[in-house]
Amino acid sequence: MDDRKTLVLTGASRGIGHATVKRFSADNWRIVTCSRHPFSDKCPWPAGEDDHIQLDLNDPDGLGTAIAEIRQRLTQNGGRLDALVNNAAISPKGEGGARLNSIETPMQLWRSVFQVNFFAPIMLGRGLLKELKAAKGSIVNVSSIAGSRVHPFAGTAYATSKAALAALTREMAADFGPLGIRVNAIAPGEIETAILSPGTDALIDDIPLGRLGSPVEVAEAIFFLCSGASSYVNGAEIHVNGGQHV
C-alpha cells in the first residue's frame, strides 16, 4: 500500500495548477491530476503520466466515469484521499478577447461555465466523500477576486460562477465538517501566468503590494489549507491578491 498522502487536483496542466503539483510533489505527496489536456512531458513529477486522468469537466457523464476511476486508483492508498483541489475553470471571451457581459453572454455558454467552475467541484466532493472522510481530508476550491467585484477582464459568467463557488464553500464547510472534512477557498487576484489578459499590468496601481502575484504564492496558500497547520480553518476564503480587495 502507498503510504504517501494523496492529492486530487483539477486543472493541473499550467499556471496555478502546475505550481500546486510541484509544491505538493516537493513534500512527497502522490498527485492524481485531472485535466482536459493529455499529460505533458513538461510536468516532471514522479508517476505523473500514470496518475493523470484526461477528462472534460463540462461533460457530467464523463465526470461521473472519471470519479469512478479516481476511486479505483485510491485503493492503492487504502481508499483514502487527503486533499481535493478544485482548480480547473473556464473564462470565455468574446470576439478579439472582449469581455462577455450579462447582456451578451449566450445562455448555453453560461451553463458550460457553471458546469466546469461550480457543478464539477461539488460533484467531485460528493463523489469522493467516502475517501475524504477516511483520511479526514481537505477540500480547497479556487475562487477569484472576480467573484466579489466587477472585473475589467473576467466575464459575467465566470464572475458569477466564482461568487457561487465561494458560497458553496461555506455550505460545504457546514455539511462536510461534521465528517472531519475541512472545506476552504482561495481567491487569487492578478497572478502572473501565460493566460493573463492584455492590459493586466494597468491593474498594478490598484494593488497595495504594487506587483502581480506568482503561481507559487497561490500554491503555498493551497498547501497550507491542505496541511495540519490549518487544522482549525474551515469555511474560509483566503484572498491571495496583494491587498487588491481592500
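Looking at the stretch 116-139, which of its residues are out of contact with any helix residue (DSSP H, G or I) (no Cβ under 7 Å at 6 or more places or on another chain) and more than 16 Å from GLU69 (Cα to Cα)?
VAL116, PHE119, ALA134, ALA135, LYS136, GLY137
Of the numbered conditions (1) more than 27 Å from SER112 (Cα to Cα); (2) surrounded by 21 or more Cβ atoms within 10 Å (Cβ to Cβ), ASN241 fails exactly one; give the number of that condition.
The failed condition is (1).
To keep it simple, each residue is scored yes or no on (1) touching a residue at least 40 places away in the same chain (Cβ under 8 Å); (2) farther than 16 Å from VAL140 by Cβ.
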site: ALA154; (1), (2): yes, yes
site: ALA157; (1), (2): yes, yes
site: LEU168; (1), (2): yes, no
site: GLU171; (1), (2): no, no
site: ALA174; (1), (2): yes, yes
site: LEU179; (1), (2): yes, yes
site: VAL183; (1), (2): yes, no
site: ALA187; (1), (2): yes, no
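ARG149 passes all but one of (1) part of a loop (DSSP other than H, G, I, E, B); (2) under 21 Å from GLY15 (Cβ atoms); which number fails?
Condition (2) is where ARG149 drops out.
Quick check: is even one residue across the stretch 205-214 β-branched (Val, Ile, Thr), in contact (Cβ under 8 Å) with a residue 12 or more places away in the chain, more than 24 Å from SER25 (Cα to Cα) and assigned to a helix (DSSP H, G or I)?
No: the stretch 205-214 contains no residue that is β-branched (Val, Ile, Thr), in contact (Cβ under 8 Å) with a residue 12 or more places away in the chain, more than 24 Å from SER25 (Cα to Cα) and assigned to a helix (DSSP H, G or I).
Given LEU124, LEU165, which one is surrounded by 17 or more Cβ atoms within 10 Å (Cβ to Cβ), out of contact with any Pro (no Cβ under 9 Å at 6 or more places or on another chain), in a helix (DSSP H, G or I) and not basic (Lys, Arg)?
Criteria check complete, one pass: LEU124.
Restrict the check to the stretch 113-122 and report whether at least one residue is modelled with pLDDT of 95 or more, under 20 Å from ALA166 (Cα atoms) and polar (S, T, N, Q).
Yes, the conditions are met somewhere in the stretch 113-122.
The values are calculated or read from the model by the stated rules, or taken from the named source; none is laboratory data. Predicted model, so just to flag it, every value in this text is computed and none were measured. Positions of Cβ are backbone-derived with ideal geometry, glycine not excepted, and every protein chain shown enters the neighbour counts.
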